[in-house]
Amino acid sequence: MDQHLAEGVGEEDVERWVPSACVLCSNGCGCDIAVKDGVMVGVRGRATDAVNHGRLGPKGLYGSWAWANSPERLTRPLVRENGRLVESDWETAMGRVVEVSRRLLAEKGPLSHGFYTSGQLFLEEYYTLAVIGKGGLGTPHMDGNTRLCTATSAAAFKESFGTDGQPGTYSDIEHCDAIFLFGHNMAETQTVLWARILDRTRAQDPPKVVCVDPRRTKVAQEAARTGGVHLAPRVGTNLALMNGLTRELFANGWVDEPWVEHHTLGIEELRETVDPYTPQEVARICEVDAEDLRRAARIFGESSRVLSTVLQGFYQSHQATAAAVAVNNLHLLRGMIGRPGAGVLQMNGQPTAQNTRECGADGDLPGFRNWDNPHHVRDLAKLWNVDELTIPHWAPPTHAMQIFRYAEQGSIGWLWISATNPAVSMPESARIRKILQSRKCFTIVQDLFLTETAEFADVVLPAAGWGEKTGCFTNADRTVHLSQKAVEPPGEAKSDLDIFLMYADAMGFTDQDGAPLVNWRSPEEAFDAWRECSRGRPCDYTGLSYEKLSGPTGIPWPCNEDAPEGTERLYADAVFNTAPDHCETYGHDLLTGGTTTPTQYRALAPGGRALLKGAAHLPPHEDTSDAYPLLYSTGRTVYHFHTRTKTARSARLNRAAPDAWVELSPSDAARLGIEEGDLVRVESPRGTIEVHARVGQVREGTVFAPFHYGTWDLAEAARAGSSRQANELTMTVWDPVSKQPYFKTAACRVRRVRGGDAPASAPTNTAGSVNVDASDYPSDRPGSM
């Protein structure tokens, strides 16, 4: 049972332990918060929890609570006066929010309003926000930063299985014969889950590991150790690789033909689509060894139980949804879904991303309802007691990239940003800063700290964080946890739920009978309202309650009368959510994003069968050239979460990875005359950063940069003429189906600025391991805890 307490605090000093779960990755580890004198002073893993069995990762141990006591916390609302943010009070701050909201509604209607939220709030807060936005204002302009990290997961599930919802479960690790990790550096993004895999691979009868990643990560090293395969495709060619793996299943007779015939549609079309992708053709496109492709396919084809996991290496890259759907196809062709060890985990990147999607705070309707199904819209309108025309279903929901475009144009004049930092996390940072700086759009930012984004806001609202409020959240394998309030928030900070309720009350939103539209006051009442909204839908919560969730472990949905203890795996009966009256979408063309009409979909008569879909590989939007000869890819490091709003305020985590860097292959570094620790300038057609170089283990021709590091002082950065912010270089381009932006397919060039006197500040025990003799440098270099 992992535990960490603040310096000088012993177990005997802890006054009480408050049950919660960690919110610094999508794993959802059960934990307890240590409280002393009304302050969070530590955390421990909960041994009885099915997700983590008492383990916690470095972010959970050292970063989950350390930020809470920071002197930089926002404690009072801020409003912009004469170009500067000054302290104010709640009445004044919310008064401005409401005044602009009412004026724009009167002048332009609900399309003038936009919401951009997070994957880090609680279920109760997302649902409240969805009711306000979709049932109160009636705006389709609602999305979350989940669009940047997990939208492709949801899209792939909808395209293959009819609705969102993770088919597999973490316990599939204990039952599988092989583990395929597609663009998923689990050793850094989900350390506790990776430890669970190591429990298998370092024991008797280990599963083979297959890793698809352009970097030689710890996952790739484990693939080599277990007799598996490391495939390092050229950036932007994932779909060609997947088509090659799929073709090998057909070519070698590894398809479970009877199962596929009874439980899927589209096999012949898929066979035709992948036929050109021979091992030799894939080797040419992806720059991988043809024999390695064959070996990987053989492991998948000859194993009886394969677990596949997918993350940002696929989601944030070219043809994202098509590549993720191709992973689903592999499992469907082998009939490997819904049984122990044979599962798919299209992972989330954030702790509560699943709730954003379920509750409708993003571009979905609550409860996985279908925008294009009038019965679903009518059902929701009846539940909320609003006119169904109020719910904006007459056009596709507006995704985050388009929301910021509308703000740039001025058609959205009021934008509420909660618990996220787009000035750092969105692609093409300079453009996002310009949008936020513009006075075309009145911007509200709701957060814990004065982030880079909050610096541009018209109103800043101080929010309570984890441990300072009560609520539920659902992790990447559908396990629901209850996080109890442990301490009071600082100063005048309020929970996100209370802030949303304050706005709803001030706006006077009512239902058709004149009663308050949002008629709950507490988190538990909001949970009960959501529970009713989920009734009969795939994400059914009706069997859950705060009392039931106060037990020794989280519980996976659906949980109802038929499954009172929750459901470990979906589709155990091989009946999928594709029936036209039940499905969440009628589907899309994976190449163009063109929608399938309800009539076309009904003509397919899916009848609970899964859908096999494929697409041809196309070249990425931006390729290398003489001017920009390298490919640029962003990603994560184990010691930080997103834009470091919390983890940078943990001394241990910040010491482990204190500053930005870029990783080059040894061959590229040698060719460019760059050595470990040199200051380098990295340029794309959109921007420039100057950071220190790590000569590491990325594939030749690729430059890797962690995206966490923002520019805390923009004026200083402007004077220096450079930035360390990785997204200065990325593109405003997104997937045609999931609308997830691409962070891994930009072209760049690198040149040496000056020599360094120490290794880069990248950790030395992760995928970016230093490729030089560390004895040449001082022993106090960063990189260890």
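The values are calculated or read from the model by the stated rules, or taken from the named source; none is laboratory data. Just so it is clear, the model here is predicted, and its values are computed rather than measured. Ideal geometry is used to build each Cβ from the backbone, glycine not excepted, and the neighbour counts take in all protein chains shown.
Conditions tested, residue by residue: (1) closer than 23 Å to Arg699 by Cβ; (2) assigned to a loop (DSSP other than H, G, I, E, B); (3) at pLDDT 90 or above; (4) not hydroxyl-bearing (Ser, Thr, Tyr).
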{"residue": "Cys748", "(1), (2), (3), (4)": "yes, no, yes, yes"}
{"residue": "Ala758", "(1), (2), (3), (4)": "no, yes, yes, yes"}
{"residue": "Thr764", "(1), (2), (3), (4)": "yes, yes, no, no"}
{"residue": "Ser779", "(1), (2), (3), (4)": "no, yes, no, no"}
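Can you give me the number of residues within the range 626-673 that are among the aromatic types (Phe, Trp, Tyr), modelled with pLDDT under 95 and more than 17 Å from the chain's Cα centre (by Cα)?
Final tally of qualifying residues: 0.
From the set of residues in the range 154-203 that are closer than 15 Å to Glu584 by Cα and of a type in the set (Phe, Trp, Tyr), which is surrounded by the fewest Cβ atoms within 10 Å (Cβ to Cβ)?
Phe161
Give the residues of the range 145-163 that are farther than 14 Å from Asn370 by Cβ and hydroxyl-bearing (Ser, Thr, Tyr), sorted by residue number.
Selection gives Thr146, Thr150, Thr152, Ser153, Ser160.
Collect the residues in the range 560-609 that are touching a Phe, Trp or Tyr at 6+ places or on another chain (Cβ under 7 Å), more than 19 Å from Ile337 (Cα to Cα) and of a type in the set (A, V, I, L, M, F, W, C), keeping them in residue-number order.
none
Hey, does the range 540-560 have a residue that's farther than 20 Å from Ser160 by Cα, touching a residue at least 12 places away in the same chain (Cβ under 8 Å), of a type in the set (Phe, Trp, Tyr) and surrounded by 17 or more Cβ atoms within 10 Å (Cβ to Cβ)?
So far as the range 540-560 goes, yes, one or more of its residues are farther than 20 Å from Ser160 by Cα, touching a residue at least 12 places away in the same chain (Cβ under 8 Å), of a type in the set (Phe, Trp, Tyr) and surrounded by 17 or more Cβ atoms within 10 Å (Cβ to Cβ).
Within the range 52-103, restricting attention to residues that are among the hydroxyl-bearing types (Ser, Thr, Tyr) and not in a helix (DSSP H, G or I), which residue is surrounded by the most Cβ atoms within 10 Å (Cβ to Cβ)?
Step by step, filter the range 52-103, then rank; the result is Ser64.
Answer yes or no: is there a residue in the range 355-367 that is of a type in the set (Ser, Thr, Tyr), at negative phi, part of a helix (DSSP H, G or I) and surrounded by fewer than 22 Cβ atoms within 10 Å (Cβ to Cβ). Please lay out each step first, then the result.
From the range 355-367, those of a type in the set (Ser, Thr, Tyr) are 356; that's our starting set.
With the extra rule that they be at negative phi, the set shrinks to 356.
Still in the list and also part of a helix (DSSP H, G or I): 356.
Still in the list and also surrounded by fewer than 22 Cβ atoms within 10 Å (Cβ to Cβ): none.
No, the range 355-367 contains no residue that is of a type in the set (Ser, Thr, Tyr), at negative phi, part of a helix (DSSP H, G or I) and surrounded by fewer than 22 Cβ atoms within 10 Å (Cβ to Cβ).
Among the residues of the range 255-296, count how many are touching a residue at least 12 places away in the same chain (Cβ under 8 Å), of a type outside the set (Val, Ile, Thr) and under 23 Å from Phe576 (Cβ atoms).
9
Go through the residues of the range 234-241 one by one and say whether even a single one is assigned by TED's automatic domain parsing to the domain that holds Ala323, surrounded by fewer than 23 Cβ atoms within 10 Å (Cβ to Cβ), closer than 17 Å to Leu293 by Cα and not polar (S, T, N, Q).
Checked the range 234-241: at least one residue is assigned by TED's automatic domain parsing to the domain that holds Ala323, surrounded by fewer than 23 Cβ atoms within 10 Å (Cβ to Cβ), closer than 17 Å to Leu293 by Cα and not polar (S, T, N, Q).
Tell me, please, whether a residue that is closer than 27 Å to Val386 by Cβ, of a type in the set (Ser, Thr, Tyr) and modelled with pLDDT of 95 or more can be found in the range 423-445.
no
Would you confirm whether or not the range 437-448 contains a residue that is among the hydroxyl-bearing types (Ser, Thr, Tyr) and outside any loop (DSSP other than H, G, I, E, B)? Step through it out loud before you land on a result.
Going through the range 437-448, the residues among the hydroxyl-bearing types (Ser, Thr, Tyr) turn out to be 438, 443.
Narrowing the set further to residues that are outside any loop (DSSP other than H, G, I, E, B) leaves 443.
Yes: one or more hits.
Can you tell me which of Gly30, Gly38 is among the small types (Gly, Ala, Ser) and on the phi > 0 side of the Ramachandran plot?
Of Gly30, Gly38, the one residue that is among the small types (Gly, Ala, Ser) and on the phi > 0 side of the Ramachandran plot is Gly38.
Need a quick list: helices (runs of 4 or more DSSP H) entirely within the range 158-271 having at least 3 residues that are within 23 Å of the chain's Cα centre (by Cα).
Helices (runs of 4 or more DSSP H) meeting the threshold: 186-189, 191-201, 218-225, 238-251.
Looking at the range 588-611, which of its residues are assigned to a loop (DSSP other than H, G, I, E, B) and either touching a helix residue (DSSP H, G or I) at 6+ places or on another chain (Cβ under 6 Å) or surrounded by fewer than 19 Cβ atoms within 10 Å (Cβ to Cβ) (or both)? Let's see the steps before the verdict.
So the first thing to find is which residues in the range 588-611 are assigned to a loop (DSSP other than H, G, I, E, B), and the list is 589-594, 596-597, 605-609.
Scanning the range 588-611 gives Asp589, Leu590, Leu591, Thr592, Gly593, Gly594, Thr596, Thr597, Ala605, Gly607, Gly608, Arg609.
Restrict the check to the range 318-331 and report whether at least one residue is crowded, with 23+ Cβ neighbours inside 10 Å and in a loop (DSSP other than H, G, I, E, B).
Yes, the range 318-331 contains a residue that is crowded, with 23+ Cβ neighbours inside 10 Å and in a loop (DSSP other than H, G, I, E, B).
Mind checking which residues of the range 38-54 are of a type outside the set (Ser, Thr, Tyr) and under 18 Å from Asn475 (Cβ atoms)?
Val43, Gly45, Arg46, Ala47, Asp49, Ala50, Val51, Asn52, His53, Gly54
Residue pairs, Cβ under 6 Å, 6 or more apart or interchain, first in the range 575-597 and in contact (Cβ under 8 Å) with a residue 12 or more places away in the chain, second aromatic (Phe, Trp, Tyr) and assigned to a loop (DSSP other than H, G, I, E, B). List them.
Taking only residues 6 or more apart or on different chains, the pairs are Glu584/Phe368.
Filter the range 23-41 down to residues that are more than 24 Å from the chain's Cα centre (by Cα) and of a type in the set (Val, Ile, Thr) and give me whichever is farthest from Glu11 (Cα to Cα).
Out of the qualifying residues, it is Val39.
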